[in-house]
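To keep things clear, I will list the structure first and then write my remarks on it.
Coordinate-derived values only; no laboratory data. Values in this document were obtained by computation on a predicted structure and should not be read as measured data. All Cβ positions, even for glycine, are placed from backbone atoms using ideal geometry, and neighbour counts span all protein chains on display.
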Amino acid sequence: MKIYAFYIDSSACSGCKTCQAACKDKNDLDPGVNWRRIYDIQGGDWEEREGVFTAHPYSYFLSVSCMNCENPHCVSACPTRALYENERGIIDINSDLCMGCRYCEWACPYGAPQYDPKLRIVTKCNLCSDYVSEGLKPSCVSSCPMRALDFGTYEEITAKYGTLNIVYPLPDPSLTGPGLVVKPHKDAALAEKDSAVITNREDI
Amino acid sequence: MQHSLVFFTLICQTAIGALIFREIFRLIPGTCHGAGIKNNTLIWIIVLLFVALFIAFFHLGNPVNAFNALNNLQTSWLSREIFFLCCLITSLILYVITGRYKRDAWIISTLLFISVSSALLLLYSMVRLYMIPAVPSWNNLHTPAGFILAALSCGLGFILVFPGIAKQTNKNILLLLGFLVIASVVNTVLYNSLPYRQLSTFLIMRCFLSISAIVIISGKYFLIFPNKSGNWLVIVFVIITVSELINRYIFFLSFEKSGL
């Protein structure tokens, strides 16, 4: 059963990475360890008409973190039980158990488990579990200047925003049942048709 | 790219294949020199498994916590893989010890049954471990085909070369080895035709080595090459192993996730 969900308004996201910075600040993450990541999807083509070239470029952003899935592949794959569902129904990690095999990284289609080379174990977003227990929203959500992110119980979020949980290039939601509702950018359907690319892989 | 996983999987599979063929040869008249459980084949297989286990530690970020690897036998194929590897090593050691001290036949048979079952379950766990739904480049039939063929071809090569349990002149064994090499390279070629990362240099090297092995095996099968020493078997085994090693690199380098 899905307990919590994020809402991502891709049409409003400007890719400013304030959410990512807020997450790193709150959780004291080293460079290269990004519990929240901003994917920059770009595509487009040219059109020639009577010797005149017209460009049709497009670009949009997706802010992605742990989706607190209903069927979390990271938890079932973890051999040490370091990844577990805590008492509030949030997928968390017990770093005392992790042996750094990184199998959860392979298993998660959203790239949520992040290996920390300094600690030599896997770390991951826990939806700011401490904030949530105080009735607050995760730091990424409250920091977003565009109000492109929201967070709440799955019922609250779906009642407010609907149930769409797939947009290019997110994986098939039937794989893990993500706690996610998304509002796609107007060019998302075009991006899927064109197989548009993620252009900032180095940042992620 | 984790080199330790390449070596771990291939060494484990070689040991599994060697154990399977050892027992098959013991059951088929005319293929075995009649060596029993005192034969040092098992010692070599145990050494291989220990080497694999040692190498496995190199891919862990925090090996101090490796003892937790058995915590999730309920759902994790990695836990199960380690469990069956431990079962295999333990049962093989006990099998060798009980054989040497001539214990009751039922104890020896039970330990052998546990060893072979563990070996097969270890191979199955390895296959399932890599058939990850989020990794479409691995979640296909080429993964089990590649792992099983690697186990059989390297295992057969190993058992022919090291302990010499099988009669080297047996033509049927040569035919089987040739078939396994061909099947394995065909699987690689088909895998490389999938729409994932293409590794043409590795593929060419793999094909070249496999063809070399097949030429030597064919030469021996049709008695074109003189049959004075068993050195050619060592050469064939080395070629097959290097070829499978390249194949395993192709497998790991083709890693491609769905989604993000």
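Values as computed for the structure displayed
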{"read-out": "Peptide-level mean, for A:75-88, of C-beta atoms on other protein chains within 10 Å", "value": "5"}
{"read-out": "13 Å beta-carbon shell around A:ASP25, net charge (K/R +1, D/E -1)", "value": "+2"}
{"read-out": "Order of A:ARG88, A:ARG120 - criterion: other Cβ atoms within 10 Å of each residue's Cβ, fewest first", "value": "A:ARG88, A:ARG120"}
{"read-out": "Rounded FRET efficiency, nearest 0.05, which uses the C-beta distance separating A:ASP25 from B:GLN2 and R0 of 30 Å", "value": "0.40"}
{"read-out": "Distance cut-off 38 Å, percentage of C-alpha pairs in the protein assembly as shown lying past it", "value": "37"}
{"read-out": "For chain B, calculated [θ]222 nm from helices alone, where every DSSP H run of n ≥ 4 adds -39500 (n - 2.57)", "value": "-24000 deg cm²/dmol"}
{"read-out": "Spacing of the two label points (7 Å from each Cα toward its C-beta) at B:LEU223 and B:ILE107, in nm", "value": "4.8"}
{"read-out": "Cut-off 11 Å between beta-carbons: net charge of the residues surrounding A:TYR161, Lys and Arg +1, Asp and Glu -1", "value": "-1"}
{"read-out": "Taking chain B and dividing mean pair separation by its residue count, relative contact order in percent (alpha carbons under 8 Å, at least six apart)", "value": "26"}
{"read-out": "Helix axis angle, A:18-27 relative to chain A longest principal axis, alpha carbon, degrees", "value": "10"}
{"read-out": "Flagged links, alpha-carbon separation over 24 Å, of A:LYS24/A:LYS137; A:LYS137/A:LYS183; A:LYS24/A:LYS160", "value": "A:LYS24/A:LYS160"}
{"read-out": "Whole-number D in µm²/s for region A:38-177 (Stokes-Einstein; Kirkwood sum over Cα pairs; 4 °C, 1.567 mPa s)", "value": "74"}
{"read-out": "Lys pairs under 28 Å by Cα in chain B, provided they are eight or more residues apart or on distinct chains", "value": "10"}
{"read-out": "Exposure proxy ranking, count of Cβ atoms within 10 Å, fewest first, for B:MET126, A:MET146", "value": "A:MET146, B:MET126"}
{"read-out": "For region B:3-253: span of alpha carbons on each principal axis (Å, largest first)", "value": "54, 52, 26"}
